Amino acid sequence: MTRFTKTFKQLTRTDVGIAGGKGASLGEMTNAKIPVPPGFVVLAPAFDQFLKESKLDGKVDAILKKVTHSNVASVDRASRQIRKLILDATFPKDIATEIMKQFVALKSPLVAVRSSATAEDSSTASWAGELESYLNVKKVTVLESVKLCWSSLFTPRAIFYRFEKKMHNTDVSVAVVVQAMIQSETSGICFTVHPVTKDYDQMVIEAGWGLGEAIVGGKVTPDTFVVNTKTWHIVDANISEQTMMIVRGPKGIIEKTILHAKANAQKLPNAVVLKLARLCKHIESHYGKPQDIEWAYCSGKVYIVQSRPITTL
């Protein structure tokens, strides 16, 4: 019986309280037979237990109570203090043992390690972009990456976000998703409702070479496809030049220059765009509301790595 971890198959959308929005969604989609790379979640109670065992819970609260959120220096100082406390603390042996057992069972030499806040991805709040992710993580650095994700609940952006959403007096914890790494040839985002025109019969798919962090981080301009979900036709395609992509390097991820011919090429064939569009529509139907979906394409297969409600409609 595992106390601090659950595989995706053991989770559903009702588990946001222990697995965070990201973890619960990956569990829900896995059980709905949507093509999600396998993985497990280090549950939020593991972080809570870590804070308790390390006697950091009171210290963290005391630091946060002193924050003046309109003062950048105050927020930065609190962030540095809290993150150092977390990173310097000893990793509890029982939690570490359980995480490593799950890692071995995953049979993936490289994983993505992502933060998943327990208050995230509701219709009113999304912590997307506030917390941290680590890609191509090896066995030897898994525990360190989990700690970094825990501490990212206290980045300056995340602390400010708490105050902005009036959640500074709310208990927010963080789970950590550990997922088999997909070395994407192409990756991107899908909005199942047009995010600009708010047309419910149109879906927008963005696609770029390499790992999705280039698009999510705003480092490249992706190709954009608009798909009519009544006729299943691509009604608009804007192909962008992409001169850089993020890929796996010898020691983690690197930015790689793209040669001219590939830089100006369409990033995803039309047939795959339409296949992806139908899959994303299926995910929207499953959740019963418009979705913001992250996807990856590798060796002829489409994978879904995240889905959350669109919060701007």
Residue in segment 51-70 that is farthest from Ile95 (Cα to Cα), counting only those that are of a type in the set (D, E, K, R) and not in a helix (DSSP H, G or I):
Lys66
Which residue, of Asp94, Asp76, Asp61, is in the same structural domain as Val140 (by TED's automatic domain parsing), closer than 17 Å to Lys147 by Cα and among the acidic types (Asp, Glu)?
Asp94
Within segment 274-294, count every residue that is assigned to a helix (DSSP H, G or I), within 23 Å of Thr312 (Cβ to Cβ) and either modelled with pLDDT under 95 or of a type outside the set (D, E, K, R) (or both).
9
Can you find a residue in segment 7-24 that is at pLDDT below 90 and part of a loop (DSSP other than H, G, I, E, B)?
no
For segment 71-89, which residues satisfy the criterion of being assigned to a loop (DSSP other than H, G, I, E, B) and in contact with a helix residue (DSSP H, G or I) (Cβ under 8 Å, 6 or more places away or on another chain)?
Ala89
Subset of segment 247-285 [touching a Ser or Thr at 6+ places or on another chain (Cβ under 9 Å) and within 15 Å of Ile189 (Cα to Cα)]:
Lys267, Leu268, Val272, Ala277, Arg278, Cys280, Lys281, Ile283, Glu284
Determine whether Ala62 is surrounded by 18 or more Cβ atoms within 10 Å (Cβ to Cβ) and either in contact with a Gly (Cβ under 7 Å, 6 or more places away or on another chain) or without any contact (Cβ under 8 Å) to a residue 12 or more places away in the chain (or both).
no
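Per-residue answers, yes or no, for (1) within 30 Å of Val41 (Cα to Cα); (2) surrounded by 13 or more Cβ atoms within 10 Å (Cβ to Cβ):
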| position | (1), (2) |
| --- | --- |
| Trp209 | yes, yes |
| Val226 | no, yes |
| Glu241 | no, no |
| Ser285 | yes, no |
| Gln291 | yes, yes |
| Tyr297 | yes, yes |
| Gly300 | yes, no |
| Leu313 | yes, yes |
Run down Asn270, Asn264 and say which single residue is surrounded by fewer than 14 Cβ atoms within 10 Å (Cβ to Cβ), at pLDDT 95 or above and of a type in the set (S, T, N, Q).
Asn270
Scan of segment 171-184 for residues that are at pLDDT 95 or above and not aliphatic (A, V, I, L, M), ordered by number:
Gln179
In segment 302-313, is there at least one residue being without any contact (Cβ under 8 Å) to a residue 60 or more places away in the chain and either within 29 Å of Ala117 (Cβ to Cβ) or of a type in the set (Asp, Glu) (or both)?
no
Residue within segment 211-220 that is surrounded by fewer than 18 Cβ atoms within 10 Å (Cβ to Cβ), of a type in the set (Gly, Ala, Ser) and outside the structural domain of Ala112 (by TED's automatic domain parsing) present:
yes
Identify all residues within segment 65-84 that are crowded, with 18+ Cβ neighbours inside 10 Å and over 23 Å from Gly20 (Cα atoms); write none if there are none.
Val67, Val75, Ala78
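The values are calculated or read from the model by the stated rules, or taken from the named source; none is laboratory data. Because the structure is predicted, anything quoted here is derived from the model rather than measured. Quick reminder, even Gly has a Cβ in these numbers, built from the backbone with ideal geometry, and neighbours come from all protein chains shown.
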